[in-house]
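Here the structure comes first, spelled out in structure tokens, and everything after it is commentary.
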Amino acid sequence: MEFRRAVREDAWGLMRLYQRGCADPSDPVLLGVRCLEAILDSQEELWLVGERGSDLVFGLCLRVDPANRLAKIFRLLVEPTWEGAASGLREAIPQLERYLAGRVDVVYATTRTLSLEQHQTSLQLGFALLGIFPNARGADRSLLNGLSALYLHDALARRRPLARGLHPLVRGIFEICREQCGLPDEREARVERHWVAEQGIPGLELLEAPGFVAGRYERLASRHQIPMRFYPFLVPNALVTDAMQRIELFVRLLPGEKFAAILADRIELGVSPVELYDEVSRLLYSRGAGYVEVISDAADVEGIDAFAEAGFLPTAYFPAMRLHGSERRDYVILSRAFERPPSGKSLQQSAHPAYLRYYAEYLRACLAGY
């Protein structure tokens with residue numbers, strides 16, 4: 001198979017691949033030729049295509065965060081009748097590294113866009129499994145899900161050690177990730193809870209107004225008026241706030257996928273963060289989000305502790321995720337699931353053992369009732 005960078009003229013071929021290979025096509029980018037042509041022209045996304053003769057049989061889409069030298073695999077399209085489909089990703093990764101040389105240190109993938117089988121193939125190609133997302137909806141119908149990353153150059157060698165150590169609740173998934181990535185050990189941190197509630201949580205409402213919310217988020221961020229939580233490639237489309245806007249939590253809400261992610265917050269009141277995040281996650285659940293996710297800097301021990309007290313459990317550990325000066329910082333993904341975790345013999349038989357190790361650690365934390 002021959003690989004090359006996609007151009008405007010590939011739009012119809014990519015749309016054909018998408019509609020032939022997707023059981024329920026709903027991606028507006030791949031359903032509108034003008035939109036896709038504009039993206040290919042602007043090079044907003046990096047598209048790598050594979051051809052057999054004159055036939056387009058493979059398409060791989062990435063988005064790049066230049067400031068953090070980070071890239072995410074967003075879409076994978078494969079001709080369903082192609083006998084070599086299973087090896088397409090295997091052949092594409094070395095080509096991808098060539099295209100990203102000098103621009104990206106870390107490439108990651110999730111089963112929100114890859115099937116479990118495709119994601120497991122990434123582990124055979126040098127990707128490290130960093131964790132799972134139990135109950136998150138995506139391309140992985142088993143609801144086990146996974147997060148993997150490919151580290152280029154010296155990305156892991158430049159990760160910043162945790163000055164205060166590791167939150168005890170994160171130890172289990174860190175140890176699995178440590179084996180996957182060859183990380184040095186981290187001592188456990190001493191957790192000191194400083195939050196004192198000066199008042200109760202005011203009445204909160206969920207505002208779903210994508211344009212307004214994204215605009216307000218950008219304005220506050222540009223003025224440094226909001227403590228930014230790093231959440232790459234997601235833009236908020238909903239806002240949880242009180243009548244006086246003294247509390248604002250910016251959210252990405254996808255009720256059709258039963259998914260929500262809390263991206264950033266601005267809090268002027270002396271409320272308990274535990275009570276606040278518990279109430280916000282319940283509010284999102286009432287709007288259809290059976291899975292709510294947050295990302296925290298691994299060095300933010302008190303923040304992780306507050307999330308844990310509010311019912312969020314660590315499910316993935318992402319070393320060297322964010323660029324900070326010449327170093328890269330570790331992050332922890334925590335989630336709160338309101339539905340029963342996946343189970344069954346088919347899960348045990350189909351998943352790579354490393355996924356099951358993360359899942360066993362997740363269940364252990366669930367049962368411990370942190």
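The values are calculated or read from the model by the stated rules, or taken from the named source; none is laboratory data. Keep in mind the model is a prediction, meaning the values are calculated, not measured. Reconstructed Cβ throughout: ideal geometry from the backbone, glycine too, with neighbour counts over all protein chains shown.
Only one entry of 256, 211 meets the criterion of being out of contact with any strand residue (DSSP E or B) (no Cβ under 6 Å at 6 or more places or on another chain), modelled with pLDDT under 95, in a helix (DSSP H, G or I) and of a type outside the set (A, V, I, L, M), and that entry is 256. A Cβ distance below 7 Å, combined with a sequence gap of six or more or placement on separate chains, defines the contacts here; from region 44-62, residues that are under 19 Å from residue 101 (Cβ atoms) and outside the structural domain of residue 103 (by TED's automatic domain parsing) reach no residue that is of a type in the set (A, V, I, L, M) and modelled with pLDDT of 90 or more.
Exactly one residue among 96, 89, 14, 62 is assigned to a helix (DSSP H, G or I) and under 30 Å from residue 325 (Cβ atoms), and that residue is 96.
In region 214-245, of all residues being over 20 Å from the mean Cα position of the chain (by Cα) and assigned to a loop (DSSP other than H, G, I, E, B), the one that is surrounded by the most Cβ atoms within 10 Å (Cβ to Cβ) corresponds to 226. Among the residues of region 188-199, just one is loosely packed, with under 12 Cβ neighbours inside 10 Å, modelled with pLDDT of 85 or more and in contact with a helix residue (DSSP H, G or I) (Cβ under 9 Å, 6 or more places away or on another chain), namely 190. Of 128, 157, all but one fail to be closer than 22 Å to residue 353 by Cα and aliphatic (A, V, I, L, M); the exception is 128. Annotation note: Cβ proximity below 8 Å between a residue of region 270-294 that is in contact (Cβ under 8 Å) with a residue 24 or more places away in the chain and on the phi < 0 side of the Ramachandran plot and a residue that is surrounded by fewer than 17 Cβ atoms within 10 Å (Cβ to Cβ) and part of a helix (DSSP H, G or I) (sequence gap 6+ or interchain) occurs for 287/255; 289/255. Taken over region 283-300, the criterion of being buried (at least 23 other Cβ atoms within 10 Å of the Cβ) and in a helix (DSSP H, G or I) is satisfied by 284 alone. Does residue 174 fit the bill of being buried (at least 17 other Cβ atoms within 10 Å of the Cβ) and farther than 21 Å from residue 363 by Cβ? So residue 174 does not fit the description; no.
Looking at region 241-251, can you tell me whether even one residue there is of a type outside the set (A, V, I, L, M), in the same structural domain as residue 308 (by TED's automatic domain parsing) and within 26 Å of residue 111 (Cα to Cα)? Scanning region 241-251, I find at least one residue that is of a type outside the set (A, V, I, L, M), in the same structural domain as residue 308 (by TED's automatic domain parsing) and within 26 Å of residue 111 (Cα to Cα), so the answer is yes.
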